[in-house]
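J.: Quick one: the structure is below, questions incoming.
The values are calculated or read from the model by the stated rules, or taken from the named source; none is laboratory data. Keep in mind the model is a prediction, meaning the values are calculated, not measured. Heads up, the Cβs are rebuilt from the backbone with ideal geometry, glycines too, and the neighbour counts pull from every protein chain shown. For accessibility, only protein heavy atoms count, side chains too; no ligands or nucleic acids. Shrake-Rupley method; radii C 1.70, N 1.55, O 1.52, S 1.80 Å.
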Amino acid sequence: MLEIVKTEDTGIIIATITGEAGIGKTSLACTFPKPIVIKTEDGLKSVPIASRPDALELVEDADQLFKQLAAILKENHDYKTLIIDSITQLDQVFTDKIISEERSETKTLATAMGGYGAGFNALSAMHGRVRKYAQAIHDKRKMNIIFVAHTDMETIDLPDQDPYSRYSLRIHKKSLKHYVDNVDLVGHIKLDMVVKGKDKIKKAGSNGSRYMVAYTTANCVSKNRFGISDDIQIEIGKNPLQSIIK
(Lines give C-alpha, C1' and ligand atoms only; values in the text may rest on other atoms or scores of the structure.)
Protein backbone atom coordinates (compact mmCIF):
# COMPACT_ATOMS: atom_id res chain seq x y z
CA MET A 1 0.00 0.00 0.00
CA LEU A 2 1.28 3.46 -0.87
CA GLU A 3 2.26 5.70 2.02
CA ILE A 4 0.79 9.16 1.41
CA VAL A 5 2.84 12.07 2.71
CA LYS A 6 1.07 15.44 2.87
CA THR A 7 2.98 18.46 1.59
CA GLU A 8 3.75 20.88 4.43
CA ASP A 9 3.95 24.65 3.93
CA THR A 10 6.96 25.44 6.12
CA GLY A 11 7.45 29.09 5.19
CA ILE A 12 11.14 28.33 4.60
CA ILE A 13 12.07 28.80 0.96
CA ILE A 14 14.85 28.26 -1.55
CA ALA A 15 14.97 31.10 -4.06
CA THR A 16 17.16 32.58 -6.77
CA ILE A 17 17.21 36.37 -7.13
CA THR A 18 18.48 37.69 -10.47
CA GLY A 19 19.06 41.04 -12.12
CA GLU A 20 21.58 43.38 -13.65
CA ALA A 21 24.47 44.85 -11.64
CA GLY A 22 23.42 47.44 -9.07
CA ILE A 23 19.71 46.67 -9.31
CA GLY A 24 19.39 45.71 -5.62
CA LYS A 25 19.67 41.91 -5.56
CA THR A 26 21.89 41.74 -2.48
CA SER A 27 19.89 44.40 -0.65
CA LEU A 28 16.70 42.42 -1.20
CA ALA A 29 18.35 39.16 -0.10
CA CYS A 30 19.45 40.85 3.13
CA THR A 31 15.81 41.54 4.08
CA PHE A 32 15.25 37.84 4.75
CA PRO A 33 15.21 36.74 8.43
CA LYS A 34 18.58 36.78 10.24
CA PRO A 35 20.85 36.15 7.25
CA ILE A 36 24.47 35.12 6.95
CA VAL A 37 26.30 35.59 3.66
CA ILE A 38 28.77 33.44 1.77
CA LYS A 39 30.55 35.95 -0.46
CA THR A 40 32.16 35.18 -3.77
CA GLU A 41 32.13 38.93 -4.51
CA ASP A 42 31.72 41.93 -2.23
CA GLY A 43 28.13 42.89 -3.01
CA LEU A 44 27.56 43.78 0.65
CA LYS A 45 29.25 47.14 0.08
CA SER A 46 25.99 48.29 -1.49
CA VAL A 47 24.07 47.51 1.72
CA PRO A 48 24.00 50.24 4.43
CA ILE A 49 26.18 49.29 7.40
CA ALA A 50 23.21 49.36 9.76
CA SER A 51 21.46 46.73 7.63
CA ARG A 52 24.53 44.72 6.67
CA PRO A 53 24.34 41.09 7.88
CA ASP A 54 27.11 38.84 9.13
CA ALA A 55 29.30 37.31 6.44
CA LEU A 56 32.06 34.77 6.13
CA GLU A 57 35.43 35.49 4.54
CA LEU A 58 35.43 36.20 0.81
CA VAL A 59 35.59 32.89 -1.08
CA GLU A 60 38.73 32.65 -3.16
CA ASP A 61 38.69 28.96 -4.07
CA ALA A 62 36.28 26.05 -4.22
CA ASP A 63 37.67 24.21 -1.19
CA GLN A 64 37.09 27.28 0.98
CA LEU A 65 33.48 27.46 -0.21
CA PHE A 66 32.68 23.87 0.69
CA LYS A 67 34.27 24.29 4.14
CA GLN A 68 32.00 27.28 4.74
CA LEU A 69 28.92 25.36 3.64
CA ALA A 70 29.87 22.44 5.89
CA ALA A 71 30.31 24.80 8.85
CA ILE A 72 26.87 26.34 8.36
CA LEU A 73 25.35 22.86 8.13
CA LYS A 74 27.12 21.33 11.15
CA GLU A 75 28.08 24.08 13.62
CA ASN A 76 25.77 25.65 16.19
CA HIS A 77 24.27 29.02 15.22
CA ASP A 78 20.92 30.79 15.10
CA TYR A 79 20.95 32.14 11.54
CA LYS A 80 17.70 31.70 9.61
CA THR A 81 18.80 32.53 6.06
CA LEU A 82 21.85 31.62 3.98
CA ILE A 83 22.70 33.97 1.10
CA ILE A 84 25.21 32.92 -1.56
CA ASP A 85 26.31 36.07 -3.38
CA SER A 86 26.83 35.41 -6.18
CA ILE A 87 26.55 32.15 -8.07
CA THR A 88 27.75 34.05 -11.15
CA GLN A 89 31.13 34.69 -9.58
CA LEU A 90 31.02 31.19 -8.10
CA ASP A 91 30.89 29.95 -11.68
CA GLN A 92 34.27 31.61 -12.25
CA VAL A 93 35.71 30.18 -9.01
CA PHE A 94 34.77 26.67 -10.14
CA THR A 95 36.09 27.31 -13.66
CA ASP A 96 39.44 28.40 -12.22
CA LYS A 97 39.65 25.20 -10.15
CA ILE A 98 38.91 22.91 -13.09
CA ILE A 99 41.47 24.63 -15.33
CA SER A 100 44.13 24.79 -12.60
CA GLU A 101 43.96 21.02 -12.16
CA GLU A 102 44.70 20.41 -15.83
CA ARG A 103 48.17 19.11 -16.63
CA SER A 104 48.01 20.41 -20.18
CA GLU A 105 48.23 24.00 -21.36
CA THR A 106 44.45 24.35 -21.64
CA LYS A 107 43.03 27.69 -20.53
CA THR A 108 39.35 27.21 -21.29
CA LEU A 109 36.57 24.90 -20.16
CA ALA A 110 35.85 24.01 -23.77
CA THR A 111 39.18 22.17 -24.02
CA ALA A 112 39.49 21.08 -20.37
CA MET A 113 39.42 17.40 -19.42
CA GLY A 114 39.82 16.33 -23.04
CA GLY A 115 37.08 18.56 -24.42
CA TYR A 116 33.75 17.33 -25.81
CA GLY A 117 31.86 19.12 -23.01
CA ALA A 118 33.66 17.35 -20.16
CA GLY A 119 34.77 20.63 -18.58
CA PHE A 120 31.24 22.03 -18.62
CA ASN A 121 29.90 18.79 -17.13
CA ALA A 122 32.45 19.07 -14.31
CA LEU A 123 31.39 22.68 -13.74
CA SER A 124 27.74 21.64 -13.51
CA ALA A 125 28.64 18.88 -11.06
CA MET A 126 30.30 21.40 -8.73
CA HIS A 127 27.22 23.62 -8.84
CA GLY A 128 25.19 20.50 -8.14
CA ARG A 129 27.25 19.90 -5.03
CA VAL A 130 26.46 23.44 -3.85
CA ARG A 131 22.76 22.77 -4.45
CA LYS A 132 22.88 19.55 -2.40
CA TYR A 133 24.57 21.38 0.48
CA ALA A 134 21.93 24.10 0.26
CA GLN A 135 19.13 21.54 0.40
CA ALA A 136 20.67 19.87 3.45
CA ILE A 137 21.01 23.25 5.20
CA HIS A 138 17.40 24.09 4.33
CA ASP A 139 16.08 20.73 5.57
CA LYS A 140 18.22 20.17 8.66
CA ARG A 141 18.82 23.73 9.86
CA LYS A 142 15.44 25.09 8.73
CA MET A 143 17.04 28.00 6.89
CA ASN A 144 15.94 29.98 3.86
CA ILE A 145 18.41 29.70 0.99
CA ILE A 146 18.88 32.68 -1.33
CA PHE A 147 21.06 32.40 -4.43
CA VAL A 148 22.03 35.74 -6.01
CA ALA A 149 22.82 35.79 -9.73
CA HIS A 150 23.71 38.39 -12.36
CA THR A 151 21.89 38.27 -15.68
CA ASP A 152 22.74 38.40 -19.38
CA MET A 153 20.59 38.48 -22.47
CA GLU A 154 20.25 35.21 -24.37
CA THR A 155 18.52 34.37 -27.63
CA ILE A 156 15.90 31.62 -27.61
CA ASP A 157 15.46 29.93 -30.99
CA LEU A 158 12.50 27.55 -30.88
CA PRO A 159 11.49 25.36 -33.83
CA ASP A 160 7.90 26.67 -33.89
CA GLN A 161 8.46 30.37 -33.09
CA ASP A 162 10.55 33.31 -34.20
CA PRO A 163 13.77 33.85 -32.17
CA TYR A 164 13.43 36.16 -29.17
CA SER A 165 15.63 37.48 -26.36
CA ARG A 166 15.23 37.06 -22.61
CA TYR A 167 17.16 37.68 -19.40
CA SER A 168 18.87 34.57 -18.03
CA LEU A 169 21.32 33.77 -15.25
CA ARG A 170 24.93 34.51 -16.19
CA ILE A 171 26.24 30.99 -15.70
CA HIS A 172 26.80 28.18 -18.19
CA LYS A 173 23.55 26.66 -19.42
CA LYS A 174 24.47 23.20 -18.12
CA SER A 175 24.59 24.62 -14.58
CA LEU A 176 21.36 26.59 -14.86
CA LYS A 177 19.13 23.73 -13.71
CA HIS A 178 20.56 23.70 -10.19
CA TYR A 179 19.26 27.19 -9.47
CA VAL A 180 16.07 27.17 -11.54
CA ASP A 181 14.45 23.74 -11.76
CA ASN A 182 14.09 22.66 -8.14
CA VAL A 183 13.72 25.96 -6.28
CA ASP A 184 10.60 27.61 -4.89
CA LEU A 185 11.05 30.93 -6.66
CA VAL A 186 13.18 32.60 -9.30
CA GLY A 187 12.69 36.36 -9.12
CA HIS A 188 14.06 38.83 -11.65
CA ILE A 189 14.42 42.43 -10.43
CA LYS A 190 13.76 45.20 -12.93
CA LEU A 191 13.64 48.98 -12.96
CA ASP A 192 10.24 50.56 -13.55
CA MET A 193 11.05 52.29 -16.83
CA VAL A 194 9.28 54.55 -19.30
CA VAL A 195 10.49 55.01 -22.88
CA LYS A 196 9.78 58.45 -24.34
CA GLY A 197 10.39 60.04 -27.72
CA LYS A 198 9.37 59.85 -31.35
CA ASP A 199 10.62 57.94 -34.35
CA LYS A 200 14.23 56.82 -33.88
CA ILE A 201 15.07 59.26 -31.09
CA LYS A 202 13.93 57.68 -27.85
CA LYS A 203 15.12 57.79 -24.25
CA ALA A 204 14.48 55.48 -21.32
CA GLY A 205 13.72 57.07 -17.97
CA SER A 206 13.03 55.80 -14.47
CA ASN A 207 12.14 57.21 -11.07
CA GLY A 208 14.29 54.53 -9.45
CA SER A 209 11.44 52.28 -8.33
CA ARG A 210 11.94 48.56 -8.76
CA TYR A 211 9.76 45.50 -9.08
CA MET A 212 10.31 41.75 -9.22
CA VAL A 213 8.96 39.34 -11.82
CA ALA A 214 8.46 35.91 -10.23
CA TYR A 215 5.96 34.31 -12.61
CA THR A 216 6.64 32.50 -15.89
CA THR A 217 7.20 34.92 -18.77
CA ALA A 218 9.05 34.99 -22.07
CA ASN A 219 11.05 38.06 -21.00
CA CYS A 220 13.18 36.41 -18.31
CA VAL A 221 13.91 33.20 -16.44
CA SER A 222 11.41 33.36 -13.57
CA LYS A 223 8.93 31.13 -11.71
CA ASN A 224 7.30 30.48 -8.35
CA ARG A 225 5.35 27.83 -6.46
CA PHE A 226 3.09 30.23 -4.56
CA GLY A 227 0.58 31.31 -7.17
CA ILE A 228 2.20 34.72 -7.72
CA SER A 229 0.95 36.08 -11.04
CA ASP A 230 1.63 39.82 -10.81
CA ASP A 231 4.71 42.02 -10.57
CA ILE A 232 5.89 42.54 -6.99
CA GLN A 233 6.83 46.09 -6.04
CA ILE A 234 10.03 46.41 -4.01
CA GLU A 235 10.36 48.87 -1.14
CA ILE A 236 13.78 49.65 0.34
CA GLY A 237 14.39 47.67 3.51
CA LYS A 238 11.22 45.59 3.22
CA ASN A 239 10.95 41.97 2.13
CA PRO A 240 8.47 41.70 -0.76
CA LEU A 241 7.87 38.03 0.09
CA GLN A 242 6.97 38.62 3.73
CA SER A 243 3.60 36.91 3.35
CA ILE A 244 5.33 33.70 2.20
CA ILE A 245 8.34 33.35 4.49
CA LYS A 246 8.59 32.96 8.24
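J.: Per residue, how large is the accessible surface of the chain? Use a 1.4 angstrom probe and give square angstrom.
T.: It amounts to 58 Å² per residue over the chain.
J.: Once every Cα of the chain carries one equal point scatterer and solvent is ignored, give the base-10 log of I(q)/I(0) from the Debye formula at q = 0.08, 0.15, 0.16 Å⁻¹, two decimals.
T.: Evaluating at q = 0.08, 0.15, 0.16 Å⁻¹ gives log10 I(q)/I(0) of -0.34, -1.12, -1.24.
J.: Kirkwood hydrodynamic radius of the range 82-162 from all distinct Cα pairs, in Å?
T.: Across the range 82-162, the inverse of the average 1/r is 14.9 Å.
J.: Put +1 on the Cβ of every Lys and Arg and -1 on every Asp and Glu Cβ in the range 41-145; which of Thr95, Ala136, Gly115 then has its Cα farthest towards the positive end of the dipole?
T.: Looking along the dipole axis, the top candidate is Ala136.
J.: Indicate, rounded to the nearest 5 percent, the antiparallel portion of the DSSP beta bridges found entirely in the chain.
T.: Percentage antiparallel, nearest 5: 50.
J.: Please tell me the relative contact order of the chain in percent, rounded to the nearest whole number, where contacts are Cα pairs under 8 Å and at least six residues apart.
T.: Value for the chain: 24 percent.
J.: While we're here: I need the peptides 78-84, 139-145, 103-109 ranked by packing, meaning the mean over residues of other C-beta atoms within 10 angstrom, with the highest value on top.
T.: The densest-packed peptide leads the list: 78-84, 139-145, 103-109.
J.: If R0 is 30 Å, what FRET efficiency do you get for Ala125 and Leu2 from their C-beta distance, rounded to 0.05?
T.: FRET efficiency, Ala125 to Leu2: 0.35.
J.: Add -39500 (n - 2.57) for each DSSP H run of 4 or more in the chain, then divide by its residues: what number comes out at 222 nm, to the nearest 500 deg cm²/dmol?
T.: -7500 deg cm²/dmol
J.: Let's see if you can work this out: charge +1 on each Lys and Arg Cβ, -1 on each Asp and Glu Cβ, no other charges. What is the dipole magnitude of the chain about its Cα centre, in debye to the nearest 20?
T.: Its charge dipole is roughly 460 debye.
J.: Where in the range 23-86 are there GluC sites (Glu not before Pro) that are in a DSSP coil and have at most 16 other Cβ atoms within 10 angstrom of their Cβ?
T.: Listed in order of number, the matching sites are Glu57, Glu60, Glu75.
J.: Let me ask something else about it. Assign unit charges at the C-beta atoms only (+1 for Lys and Arg, -1 for Asp and Glu), then state the dipole size of the range 30-93 relative to its Cα centre in Debye, rounded to the nearest 20.
T.: Using Cβ point charges on Lys, Arg, Asp and Glu, the range 30-93 gives about 340 debye.
J.: Go through Phe226, Phe32 and list them by solvent-accessible area, largest first, probe radius 1.4 Å.
T.: Phe226, Phe32
J.: Here's a follow-up. Going by average Cβ neighbours within 10 Å, how do the peptides 157-165, 23-31, 47-55 rank, with the highest at the top?
T.: Most protected by this proxy first, the peptides run 23-31, 47-55, 157-165.
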